[in-house]
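Enquirer: Got a structure here, written out as structure tokens. Questions coming.
The values are calculated or read from the model by the stated rules, or taken from the named source; none is laboratory data. Not measured: the values here are computed from a predicted model. Cβ placement follows ideal geometry from the backbone for every residue including glycine, while neighbour counts extend to all protein chains displayed. Note: areas computed on protein heavy atoms with side chains; ligands, DNA, RNA excluded. Shrake-Rupley method; radii C 1.70, N 1.55, O 1.52, S 1.80 Å.
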Amino acid sequence: QVQLVESGGGLVQAGGSLRLSCAASGLTFTSYAMAWFRQAPGKERQIVAGINRSGGSTYYADSVKGRFTVSRDNARDTVDLQMNSLKPEDTAVYYCAADRQVRLLGISTAPNVYDYWGQGTQVTVSS
């Protein structure tokens, strides 16, 4: 069965960095675009970053552009999210998601189109 397992979350001071990793199993990894979503307390789940099948194209939410970097290693079936210059507003549960649909317009920002989800990892940024 398909599993997406996130790791790397934790507590960090504002201005600090964290690197999240998502390990995929039970699927053909290169057939899926991958994305990171986050959900803060009392808010809707929103996309943070995404990466296409080959890793040659990425998407970032405006709020994280220039601070976060998404990458994938298709030899290890993993996708990472490097988070720098963290802000208290980045505090959320971060989820890894996989999308098998080929999309002419690129990475989808809509959570409902993603086929598989990880369990989430908590990121807390203190001020």
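Enquirer: Among the residues of segment 96-119, write down those that are touching an Asp or Glu at 6+ places or on another chain (Cβ under 7 Å), under 14 Å from GLU6 (Cβ atoms) and either part of a strand (DSSP E or B) or of a type in the set (Lys, Arg) (or both).
Expert: Scanning segment 96-119 gives CYS96, ALA98.
Enquirer: State whether one or more residues within segment 7-17 are under 20 Å from THR69 (Cβ atoms), open to solvent by less than 30 Å² (accessible area, probe 1.4 Å) and not hydrophobic (A, V, I, L, M, F, W, C).
Expert: Checked against the condition, which is being under 20 Å from THR69 (Cβ atoms), open to solvent by less than 30 Å² (accessible area, probe 1.4 Å) and not hydrophobic (A, V, I, L, M, F, W, C), segment 7-17 yields at least one hit.
Enquirer: Follow-up. Select, from THR28, THR58, THR69, THR78, the only residue that is open to solvent by 30 Å² or more (accessible area, probe 1.4 Å), under 22 Å from GLN122 (Cβ atoms) and either in contact with a Ser or Thr (Cβ under 6 Å, 6 or more places away or on another chain) or among the hydroxyl-bearing types (Ser, Thr, Tyr) (or both). Reasoning before the result, please.
Expert: Working: THR28 fails: under 22 Å from GLN122 (Cβ atoms); THR58 fails: under 22 Å from GLN122 (Cβ atoms); THR78 fails: open to solvent by 30 Å² or more (accessible area, probe 1.4 Å).
Of the residues listed, the single one that is open to solvent by 30 Å² or more (accessible area, probe 1.4 Å), under 22 Å from GLN122 (Cβ atoms) and either in contact with a Ser or Thr (Cβ under 6 Å, 6 or more places away or on another chain) or among the hydroxyl-bearing types (Ser, Thr, Tyr) (or both) is THR69.
Let's see how each residue does on (1) touching a residue at least 24 places away in the same chain (Cβ under 8 Å); (2) within 17 Å of LEU18 (Cβ to Cβ):
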{"residue": "GLY42", "(1), (2)": "no, no"}
{"residue": "ALA49", "(1), (2)": "yes, yes"}
{"residue": "GLY56", "(1), (2)": "no, no"}
{"residue": "ARG67", "(1), (2)": "no, yes"}
{"residue": "MET83", "(1), (2)": "yes, yes"}
{"residue": "VAL102", "(1), (2)": "no, no"}
{"residue": "LEU105", "(1), (2)": "no, no"}
{"residue": "ASP115", "(1), (2)": "yes, no"}
{"residue": "VAL125", "(1), (2)": "yes, yes"}
